[in-house]
Amino acid sequence: MSTQLNGGSPRYNPLESMNRRFDAAVEVLGLDKQFANVLRVPDKVVMANIPVTMDDGTIQVFEGYRVVHSDHLGPSKGGIRYSMDVNLDEVKALAAWMTWKCAIVNIPYGGAKGGIKCNPRAMSKGELERLTRAYTVSMKEVFGPESDIPAPDMGTGPQEMAWIVDEYSKIKGQNSWAVVTGKPIVLGGSLGRVEATGRGVMVSTRSALAKMGIKPTEATCVVQGFGNVGSKAAKLIEQMGVKIIAISDISGGYYSDEGIDVNAAIEYVANSDTHTLEGFKGVEKVSNTELLELECTVLVPAAMEDQITPENAHKIRAKLIVEGANGPTTAEADSILDEKGILVVPDILANAGGVTVSYFEWVQNRLGYYWTEERVNRRADRAMKLAFDNIYAASEKYNINMRLAAYVVALDKVSTTLKLRGSF
Ligand code: NAD
C-alpha cells in the first residue's frame with residue numbers, strides 16, 4: 001500500500017515495506033508472536049531539535065533523530081543520514097535493516113540509524129561542522145563504543161565522522177576512536193572502508209552470477225546512483241570483466257552500448273564543479289526511468305529507496321538485481337520480480353560489506369593495531385561470500401526468495417538471542 005509520509009514527498013513508506021517482509025518471515029519461521037512483537041518495534045527513539053548558528057548570524061533549528069532498533073546481538077550500529085527527506089519512519093526502517101544486516105553477516109552488533117533533516121549541499125563547511133557537533137552533544141547519552149556506534153550514510157562522510165569523534169572525545173575527556181566508524185585513516189579509520197560496500201555488492205554479484213551459470217565476461221550491468229556505493233560497485237564489477245552499459249546519478253542516466261569507462265566517469269565526477277556526471281562525454285543520455293528498464297544481465301540500484309515499485313517492476317529486463325541501496329524495491333514489487341523470474345540479492349545482504357568493514361574498524365580501534373588493506377578485503381570478501389551462500393541455502397530450504405530468506409535467517413538469530421537473554 002502506498003502511503004504519504006509525515007512531511008515527506010515519497011509515495012512509499014520504507015517502514016511499511018520492512019514490516020511486510022518481517023511479518024512474512026515471522027510466518028515462515030512460525031515465530032511466537034510475543035518475540036515478534038518485541039522485534040517489530042525499535043528499542044529506543046531519540047529526537048532532538050538542534051539550534052545552529054548559521055553563517056549569516058541567524059539561528060536555525062534542525063530535526064535530528066537516532067533510532068536504536070535492537071542491541072540484542074551487541075552494541076547498535078548504523079549510519080547517519082543528512083537529507084531533506086529524513087523522517088522518523090524512514091529512520092526506523094533503516095535502523096531495523098541494520099539489525100538484520102549485522103545478523104546476516106555474523107557480526108556482534110545490533111542495529112540503529114540516525115538522521116538530520118537538512119540539505120548538506122546548501123550548507124557551508126562551518127555550518128555542517130556546528131550541526132554535526134551539536135547533534136553529537138544531543139546524542140551523547142546514546143552514542144558510545146559499547147552502546148551505539150554511528151557511521152556515514154547518504155550526505156555524510158569521513159569529515160562528519162571526524163567531527164563526531166572529536167566532540168565525543170572532548171565530552172568524555174579522552175580519545176574514543178571506537179565511538180564511530182568510517183573515520184579518515186589518520187583518525188583511526190580502516191583501510192578498505194571507503195570501497196567496502198561496493199566490494200560487497202561485487203562479491204554478491206559474482207556469487208549470484210556463478211549460481212546462475214553466467215560468466216562475468218558474458219554479462220552486462222546497469223548501475224543507478226554514482227556515489228560511494230554505486231561508483232565503487234561499478235568499478236569493481238567492471239574489473240570482474242562485466243560490461244557496464246549504463247550509470248546514473250542525480251543529473252540523469254548515461255548509456256553506452258560499447259561499455260562505459262568507469263574510471264573515466266569517476267575522475268570526471270571528482271573534477272566537475274557540480275560533482276555529478278552532468279556533461280560526461282561519449283555516452284547517450286537516458287532518463288533514470290529508462291535506465292532502470294534497460295535490457296541487461298545485472299541491475300544495481302545504488303541510489304536511494306523506492307526505485308523499483310509496482311509501476312515499473314514489470315518493465316524491468318534485468319536477469320539479476322543486486323541491491324546496493326537500502327530499500328530500493330518496495331514490498332509490493334517483490335512478487336512481480338518473482339513472477340518474472342528475476343533473482344534479487346536483497347539490500348540487507350548485498351550492501352552489508354560496509355558494516356562488515358566498519359566492524360573491522362571498531363575491532364582495530366580497540367586493539368590499537370591496524371590491518372593491511374589486503375587483510376581487510378580478504379576477511380570482508382569471505383564474510384560476504386559466507387553470508388551469500390547461507391542465505392541462498394535458506395532460500396532453497398524454505399523454497400522462498402532470497403529477500404525473505406535473508407529476513408528468516410536474521411530473525412531466527414536475533415529472536416534466539418532474545419529468548420536466551422529473557423526480559424523483565
Ligand atoms: P551517496 O550520497 O554517496 O550517493 C548517492 C548517489 O545517488 C549519488 O550519485 C546521487 O547523485 C545519486 N542519486 C540521488 N538521487 C538520485 C535519483 N533520483 N536518481 C538517480 N540517482 C540519484 O550515497 P551512498 O553512500 O552511495 O548511498 C547510496 C545508498 O546505499 C543509500 O541507500 C545508502 O543508504 C546505501 N548504503 C550505503 C552504504 C555506505 O557505506 N555508503 C552502506 C550500505 C548502504
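The values are calculated or read from the model by the stated rules, or taken from the named source; none is laboratory data. Quantities reported herein were computed from a predicted structural model and do not represent experimental measurements. Heads up, the Cβs are rebuilt from the backbone with ideal geometry, glycines too, and the neighbour counts pull from every protein chain shown. Accessible surface is based on the protein model in full, side chains and every heavy atom, while ligands, DNA and RNA are left aside. Shrake-Rupley method; radii C 1.70, N 1.55, O 1.52, S 1.80 Å.
Looking across region 375-413, the residues that are closer than 21 Å to Leu337 by Cβ and open to solvent by 70 Å² or more (accessible area, probe 1.4 Å) come down to Glu396, Lys397, Tyr398, Asn399. When region 206-260 is filtered for residues that are closer than 21 Å to Ala325 by Cβ and among the charged types (D, E, K, R), the ones remaining, listed by number, are Arg206, Lys232, Lys235, Glu238, Asp249.
Evaluate the following for Glu129: is it outside any helix (DSSP H, G or I) and either more than 16 Å from the ligand (Cβ to nearest atom) or open to solvent by 10 Å² or more (accessible area, probe 1.4 Å) (or both)?
Here the answer is no, as Glu129 does not meet what is asked.
Pick from Ala208, Ala233, Ala246: which is part of a helix (DSSP H, G or I), open to solvent by less than 10 Å² (accessible area, probe 1.4 Å) and touching a Leu at 6+ places or on another chain (Cβ under 8 Å)? Testing whether each residue is part of a helix (DSSP H, G or I), open to solvent by less than 10 Å² (accessible area, probe 1.4 Å) and touching a Leu at 6+ places or on another chain (Cβ under 8 Å) leaves just Ala208. With the structure loaded, tell me whether Thr329 is within 14 Å of the ligand (Cβ to nearest atom), open to solvent by less than 10 Å² (accessible area, probe 1.4 Å), touching a residue at least 24 places away in the same chain (Cβ under 8 Å) and farther than 30 Å from Gly189 by Cα or whether it fails that test. Yes, satisfied. Per the conditions (1) surrounded by fewer than 24 Cβ atoms within 10 Å (Cβ to Cβ); (2) within 16 Å of the ligand (Cβ to nearest atom), the sole criterion not satisfied by Thr372 is (2).
Rundown of residues vs (1) in a strand (DSSP E or B); (2) aliphatic (A, V, I, L, M); (3) exposed (fewer than 14 other Cβ atoms within 10 Å of the Cβ), yes/no style:
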| site | (1), (2), (3) |
| --- | --- |
| Ile266 | no, yes, no |
| His275 | no, no, no |
| Glu278 | no, no, no |
| Gly282 | no, no, yes |
| Met304 | no, yes, no |
| Pro310 | no, no, no |
| Lys319 | yes, no, no |
| Gly324 | no, no, no |
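With the structure loaded, tell me whether Asp23 is at pLDDT 95 or above, touching a helix residue (DSSP H, G or I) at 6+ places or on another chain (Cβ under 7 Å) and surrounded by fewer than 18 Cβ atoms within 10 Å (Cβ to Cβ) or whether it fails that test. So Asp23 does not fit the description; no. Screening Ile116 against (1) within 16 Å of the ligand (Cβ to nearest atom); (2) under 21 Å from Pro51 (Cα atoms); (3) open to solvent by 40 Å² or more (accessible area, probe 1.4 Å); (4) touching a Gly at 6+ places or on another chain (Cβ under 7 Å) leaves a single unmet condition, (3). Checked against the criterion of being under 27 Å from Ile214 (Cα atoms) and at pLDDT below 95, region 313-329 contains one or more residues that satisfy it.
With respect to Val300, determine if the residue is among the aliphatic types (A, V, I, L, M), in contact (Cβ under 8 Å) with a residue 12 or more places away in the chain, over 24 Å from Glu218 (Cα atoms) and within 15 Å of the ligand (Cβ to nearest atom). No: the conditions fail for Val300.
Under the condition of being closer than 14 Å to Ala406 by Cα and open to solvent by 10 Å² or more (accessible area, probe 1.4 Å), which residue from region 332-350 is farthest from the ligand (Cβ to nearest atom)? Checking each candidate, the answer is Leu343.
For region 113-147, the set of residues classified as within 23 Å of His72 (Cβ to Cβ), in contact with a strand residue (DSSP E or B) (Cβ under 6 Å, 6 or more places away or on another chain) and in contact (Cβ under 8 Å) with a residue 60 or more places away in the chain consists of Met139, Val142, listed by residue number. The set of residues from region 203-254 being more than 9 Å from the ligand (Cβ to nearest atom), of a type in the set (Val, Ile, Thr) and under 17 Å from the mean Cα position of the chain (by Cα) comprises Val203, Thr205, Val223.
Taking the criterion of being within 12 Å of the ligand (Cβ to nearest atom), within 19 Å of Gly368 (Cα to Cα) and charged (D, E, K, R), the only residue of region 150-202 that qualifies is Arg193.
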